[in-house]
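The values are calculated or read from the model by the stated rules, or taken from the named source; none is laboratory data. If you're wondering where the values come from, they're calculated on a predicted model, not measured in any experiment. Cβ atoms come from the backbone with ideal geometry, glycine included; neighbour counts cover every protein chain shown.
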Amino acid sequence: MSPLRNLVQGMAAHAMALRVVALSNPGLQEIYDRLCDVLDDLNFELEEEYEGSVEPDWDRFSALDSESTHVSGRA
């Protein structure tokens, strides 16, 4: 796995950890949304160069929060 993909996967893991905390602290929801937006923006900007290889594996984190519908494909 490339270092960039590792970074994005790590950021996705932090996003999901933040999502779990945001469930009990609604004030953190905006921060969670912004972090997910950054991940989506990174993937969009780098998608062609890395042929989608930096996209977070949101399915990997879906078991943590099956109720979130923030963006299609996100856990």
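Observations on the structure shown:
- Exclusive hit being at negative phi and either exposed (fewer than 12 other Cβ atoms within 10 Å of the Cβ) or at pLDDT 85 or above (or both), set VAL54, VAL20: VAL20
- Pair list, Cβ < 7 Å and 6+ apart or interchain, from region 29-49 residues that are in contact (Cβ under 8 Å) with a residue 40 or more places away in the chain to residues that are among the aliphatic types (A, V, I, L, M) and surrounded by 11 or more Cβ atoms within 10 Å (Cβ to Cβ): LEU46/VAL54
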